[in-house]
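What follows is one structure encoded as structure tokens, with my remarks underneath.
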Amino acid sequence: KKSQLNMKADSIITYRHPRLEDGLEVYHLIKKCPPLDVNSQYYYYLICSDFKNTCVVAEYEQKIIGFISGYLKPENSKCLFIWQVAVAEKARGRKVATNMLKWLTKQPNFSDIQSLETTISPANKLSQNLFMGFAEENKANCQTNSFLDVYHFDTESHAPEILYKIFPLKLNKN
């Protein structure tokens, strides 16, 4: 039986960094958000603990309804790479992804971020709109380049991934 959130228009959604114990709930959220690649449960525990400061969860009535994972690129610590964005089906259309991205990029540990990168499959119009809107709101450029093509994957069913680079960023901390 599907879980019903029955969110009201004025529902209070809170945003915070994930904790280790959120790993399994995040894993189950990702599983319910195709076409996202589902990683191991262990991976989500690591992301929620070791990379918690570059990730965010959205909660409604103490249930995780949204998740963004990211990291600072090792060769460029002024670039935030967003890996996955997931929003529970019943929470969609409420700007949860937009608000998670805004919340995350306003955190003090990102005061010197100059760019944001992500990869998006060509068919994922919602993610394209999310990141193009973020670029526009921040008066930044958004460049796209091919990153991974179908032949990079060992399965024919994986779509190509296009790299989106948003820069220069001067994030408003207010």
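The values are calculated or read from the model by the stated rules, or taken from the named source; none is laboratory data. It should be emphasised that the depicted structure is a prediction, and the values quoted were computed from it without experimental measurement. Counting neighbours? That spans all protein chains shown, and the Cβs are built from the backbone with ideal geometry, glycine included. In case anyone asks, the SASA skips ligands and DNA or RNA and just uses the protein heavy atoms, side chains included. Shrake-Rupley method; radii C 1.70, N 1.55, O 1.52, S 1.80 Å.
When residues in the stretch 110-120 are screened for being open to solvent by 20 Å² or more (accessible area, probe 1.4 Å) and either out of contact with any Lys or Arg (no Cβ under 9 Å at 6 or more places or on another chain) or basic (Lys, Arg) (or both), 1 of them pass. Whenever a residue of the stretch 145-174 is over 19 Å from Leu80 (Cβ atoms) and among the charged types (D, E, K, R), it has no partner that is modelled with pLDDT of 75 or more and open to solvent by less than 60 Å² (accessible area, probe 1.4 Å) lying with C-beta atoms less than 7 angstrom away and at least six residues away or across chains.
For the stretch 33-50, residues that are at pLDDT below 95, of a type in the set (A, V, I, L, M) and under 13 Å from the mean Cα position of the chain (by Cα) total 1.
Of the set (1) among the charged types (D, E, K, R); (2) surrounded by 14 or more Cβ atoms within 10 Å (Cβ to Cβ); (3) not in a loop (DSSP other than H, G, I, E, B), all apply to Arg94 but (3). Candidates Ile166, Ile162: the one that is at pLDDT 95 or above and assigned to a strand (DSSP E or B) is Ile166. Taken as a whole, the structure leaves Met100 outside the set of residues that are at pLDDT 95 or above, open to solvent by 70 Å² or more (accessible area, probe 1.4 Å) and either in a helix (DSSP H, G or I) or of a type in the set (Val, Ile, Thr) (or both). Taking the stretch 56-88 as the range and being in contact with a Leu (Cβ under 9 Å, 6 or more places away or on another chain), at pLDDT below 95 and outside any strand (DSSP E or B) as the test, only Glu61 passes.
Taking the conditions exactly as written (in contact (Cβ under 8 Å) with a residue 40 or more places away in the chain, under 22 Å from Tyr15 (Cα atoms) and out of contact with any Gly (no Cβ under 7 Å at 6 or more places or on another chain)), does Gln114 satisfy them or not? For Gln114, the condition - in contact (Cβ under 8 Å) with a residue 40 or more places away in the chain, under 22 Å from Tyr15 (Cα atoms) and out of contact with any Gly (no Cβ under 7 Å at 6 or more places or on another chain) - is not met.
Of all residues in the stretch 1-12, none satisfies being surrounded by fewer than 18 Cβ atoms within 10 Å (Cβ to Cβ) and under 15 Å from the mean Cα position of the chain (by Cα). Would a scan of the stretch 22-29 turn up a residue that is outside any helix (DSSP H, G or I) and of a type in the set (Gly, Ala, Ser)? The answer is no; no qualifying residue exists.
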